[in-house]
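Below: the structure, in structure tokens.
Nothing in this text is a laboratory measurement; each read-out follows from the coordinates by a stated rule. In this text the structure is predicted, and so the values were computed from the model without any measurement. Here the Cβ is made from the backbone with ideal geometry for all residues, glycine too, and neighbour counts use every protein chain on show.
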């Protein structure tokens, strides 16, 4: 049983799509990625990778969400 790398409180549920850190359901950030013609792939990122355009092609939307706070 591995603990979440972000909160260290809950059991890990899935790895970050980019850095592979183990994440619990609370800390994993859900994203839908478009691949190919009409294909959508679910992805989970850690808080750092979800807002990094090098890791997540939709990072701009997370950056905009954070700037609205």
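Among the residues of the range 1-21, how many are over 11 Å from the mean Cα position of the chain (by Cα) and free of Cβ contacts under 8 Å to residues at least 40 places away in the same chain?
Of all residues in the range 1-21, those over 11 Å from the mean Cα position of the chain (by Cα) come to 1-13.
Now restrict to residues that are free of Cβ contacts under 8 Å to residues at least 40 places away in the same chain: 1-4, 7-13.
Selection size over the range 1-21: 11.
The number of residues in the range 20-61 being part of a helix (DSSP H, G or I) and surrounded by 19 or more Cβ atoms within 10 Å (Cβ to Cβ) comes to 2.
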